[in-house]
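Student: Here you go, one structure.
The values are calculated or read from the model by the stated rules, or taken from the named source; none is laboratory data. In this text the structure is predicted, and so the values were computed from the model without any measurement. Heads up, the Cβs are rebuilt from the backbone with ideal geometry, glycines too, and the neighbour counts pull from every protein chain shown. Remember, those area values only see protein heavy atoms, side chains included, never the ligands or the DNA or RNA. Shrake-Rupley method; radii C 1.70, N 1.55, O 1.52, S 1.80 Å.
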Amino acid sequence: MDDRWLTESRPWHGLSALRAGLGHVTCLTLPEPSLLPQALDWCRGRGLRPWPLGGGTNLVGSDRPDAGLAALRLAPPADVPVPEASGRLTVSVGMALGRLVARTAQRGWGGLAALSGIPGTLGGALAMNAGALGREMADAVEAMAGLEVRDGSPWRWRRGDGGWGYRRSPVPDGVMLTEATLQLWPVEAAAEASAIAAERARRVRVTPRGRSCGSVFRNPPGESAGRLLEAAGCKGLTAGVFAVSEEHANWVVNRSGAPGRASDCLWLLSEMRRRVRDLCGVELQPEWRLADSEMLLGVD
Ligand SMILES: Cc1cc2nc3c(=O)[nH]c(=O)nc-3n(C[C@H](O)[C@H](O)[C@H](O)COP(=O)(O)OP(=O)(O)OC[C@H]3O[C@@H](n4cnc5c(N)ncnc54)[C@H](O)[C@@H]3O)c2cc1C
């Protein structure tokens, strides 16, 4: 055990915004990115496969008592660094995205107000290419750095390397990001603060009530997954504590807030997908990330 980072056995449901996953995982919280090489060694020495974790807002955990994984996450830095005069900002990806957007806006830098209400960390947002209202993380990223979890070798990406798409990121599975450089735009602080407040208020109005992990599926090209799922009669489907929201058919909520089985989430995901396939032949692709990817093997 290394006392420079926090090591705990945690139930997966305690790491998932949806509270999904009844198994346990070793969870390492690193106070700073420079400790990542030692933490990876620590995992290798114990035969644990490192799994990069952000805020868990897109995460369905595992039910297995021991899936052989170690969830690795970076603690949020104390404050957002001041951007350079050019608007460039290099920051640890453990930073919460909403805080990053709000704090830089106070200093007269912005362009990311549309993303201000997306929960989770900068690392998760980069790995997912999170987006809203036509804006996405890819718009602002200049460079990213991290380590290959397999052997600790460095991984780098620079603007020009490409690899972004709709909810698609150049960050491969098996890389843990540590920091990113963003290019921000000069803005008027008060106007940007109003735009952020308006976006947060909009989200309160449109987000279905209850704990969730956001949209279950990506939108297929030119279509809305929510519209197809509603037409396929998915609203109100239930499995254990989870249900497809009556307010939004592409949204699964935890009905009671109690911990629930990841396998119930998987059953819902599979049933929603089957119904849309039977209705119109479209094969929906999940946006959720599953800690235990082998669980997906059972999903047709
Ligand atoms: C209420 C609600 C609203 C949402 N609205 C939106 C929305 O409008 N748009 C949108 O795109 N998403 C939305 N989401 C989904 C989710 O918030 C985003 O995908 C978010 O960016 C995930 O960030 P996270 O830190 O929680 O990542 P996690 O859920 O912890 O992880 C997500 C993925 O990122 C990887 N990851 C995390 N950190 C790192 C790292 N340091 N290095 C490498 N990989 C990493 C994980 O391995 C995992 O594969 C919403 C979710 C909720 C609950």
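Student: When you go through (1) free of Cβ contacts under 8 Å to residues at least 60 places away in the same chain; (2) surrounded by fewer than 22 Cβ atoms within 10 Å (Cβ to Cβ); (3) of a type outside the set (A, V, I, L, M, F, W, C) one by one for residue 73, which number turns out not to apply?
Tutor: It is condition (2) that residue 73 fails.
Student: Still on this structure, I have one more. In the range 112-136, which residues are in a helix (DSSP H, G or I) and either among the hydroxyl-bearing types (Ser, Thr, Tyr) or farther than 18 Å from residue 289 by Cα (or both)?
Tutor: Correct list: 113, 114, 115.
Every residue, every condition in (1) in contact (Cβ under 8 Å) with a residue 24 or more places away in the chain; (2) within 14 Å of the ligand (Cβ to nearest atom); (3) open to solvent by 60 Å² or more (accessible area, probe 1.4 Å); (4) farther than 22 Å from residue 49 by Cβ, yes or no:
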site	(1), (2), (3), (4)
102	yes, no, no, yes
110	yes, no, no, yes
115	no, yes, no, yes
124	yes, yes, no, no
162	no, no, no, yes
168	yes, yes, yes, yes
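Student: In addition: Has the range 136-144 got any residue that is of a type in the set (D, E, K, R) and either near the ligand (Cβ under 10 Å from one of its atoms) or touching a Cys at 6+ places or on another chain (Cβ under 8 Å) (or both)?
Tutor: Within the range 136-144, one or more residues are of a type in the set (D, E, K, R) and either near the ligand (Cβ under 10 Å from one of its atoms) or touching a Cys at 6+ places or on another chain (Cβ under 8 Å) (or both).
Student: Pick out the one residue from 99, 49, 88, 73 that is basic (Lys, Arg) and modelled with pLDDT under 95.
Tutor: 49
Student: Only one of these is at positive phi, out of contact with any Leu (no Cβ under 7 Å at 6 or more places or on another chain) and modelled with pLDDT under 95: 233, 210. Name it.
Tutor: 210
Student: Further, regarding this structure: Could you list, in sequence order, the residues of the range 70-95 that are among the β-branched types (Val, Ile, Thr) and farther than 14 Å from residue 177 by Cβ?
Tutor: Within the range 70-95, 80, 82 meet the criteria.
Student: Return the total of residues in the range 76-85 being touching a residue at least 40 places away in the same chain (Cβ under 8 Å) and more than 16 Å from residue 36 (Cβ to Cβ).
Tutor: 1
Student: Scanning the range 128-150 for residues that are touching a residue at least 40 places away in the same chain (Cβ under 8 Å) and open to solvent by 30 Å² or more (accessible area, probe 1.4 Å), which turns out nearest to residue 206 (Cα to Cα)?
Tutor: In this case the residue turns out to be 133.
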